[in-house]
Amino acid sequence: MNPQPNAAAPETWQLGDLTVNRVGFGAMRLTGTSPFDSGVPRDRETSIGVLRRAVELGVNHIDTAAFYFSATRSANELINRALAPYPEDLVITTKVWPGRDSSGAWWWATPKQLRGQVEENLRQLGRDHLDVVNLRVPPKNRSGSIGEHFGVLAELREAGLIRHLGISNATSDHLAEARAIAPVVCVQNPYGIGASSEDGALLRRCGELGLAFVPFFAIAGRGREAGPAAGDSEAVTAVARTHGVSAAQVRLAWTLQQGPHVLAIPGTGDLDHLAQNVAAGALRLSEDEMLRLSSPSPVRA
């Protein structure tokens, strides 16, 4: 039976002193297919409608970034246009370190440039402070230090521009380094069915510490920015048939059932997909189904 959409269905978690429903919304796809390609921009009014409907369905955690923009759309601008004045319980999370210039070319901020990125998010969102800022670690820094960059965000937190801090695309070593500098409320990393044992270990570590683990690409999996890879595994499609839901809903439900500290931020520019994503929070998979989905897929010749 297809569950009804309600973002509060899988209960809540804390981002510091902020309470959020565990099913949130990722704003990346509001501006087009993805900021990582040249997809056709979404219709502005459709994107605004999706944001407003998400809040109506109980979503009170929206993930965004100043670098989520296309030639004619900005995710932050759309959020501001759709939802300001913001509901009191709405938590907006953003991320810094990567950036894009006016031509769309990528660049990575120096520690001194991070304040400018924070202020850019403040201006676009029309806020006097940011609820949560994640330091998004560059792929080339996976084995390097983040201390200098995170230290700048800690100073901006002390100055009142940021309420809480998190890290993204990070490792367990990054988490330990960041926590030695300032409190961390969340880790935002790619995670879903088929994730590595290293990813699973970090998810469990966050649970031990009482920190939110916020997976992205929970639906897309290895397809990442391009969207779900073609063809789901036989286990995923079988479980979906049993419950009368989509494969994407199964993937989200599996991820949420990894622990009460796991939050979801699926993104879409489609109202029907939004309702399905939110409804996945109420989907309960059996222990046997969870094990089947966690088992490695057979290698096909």
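Computed from the coordinates by the stated procedures, all read-outs in this text should not be read as laboratory data. Computed from a prediction, not measured in an experiment: that's the story for all the values here. Reconstructed Cβ throughout: ideal geometry from the backbone, glycine too, with neighbour counts over all protein chains shown.
By how many nm would the segment from E120 to E198 grow when fully extended, if each residue of separation counts as 0.36 nm and the alpha-carbon distance is taken off?
So the chain would gain 24.7 nm between E120 and E198.
With a cut-off of 8 Å between alpha carbons and a minimum separation of six or more residues, what is the relative contact order of the chain in percent?
About 22 percent, as a whole number.
Using per-residue counts of other Cβ atoms within 10 Å, averaged over each peptide, order 77-90, 186-199 from highest down.
Descending mean neighbour count gives 186-199, 77-90.
Given [x] 1.21; [y] 1.06; [z] 0.95, which label gives Cα Rg over 2.2 N^0.38 Å as computed from the coordinates?
Among [x] 1.21; [y] 1.06; [z] 0.95, the one calculated here is [z].
Highest mean first, how do 285-293, 121-129 rank when packing is the count of other Cβ atoms within 10 Å averaged over residues? Each step should come with its number before you reach the end.
Details: 285-293: 14.6, 121-129: 16.4.
Peptide ranking by packing, descending: 121-129, 285-293.
Place the peptides 110-116, 92-98 in order of packing, highest mean first, counting for every residue the other Cβ atoms within 10 Å and averaging per peptide.
Details: 110-116: 14.6, 92-98: 25.4.
Most protected by this proxy first, the peptides run 92-98, 110-116.
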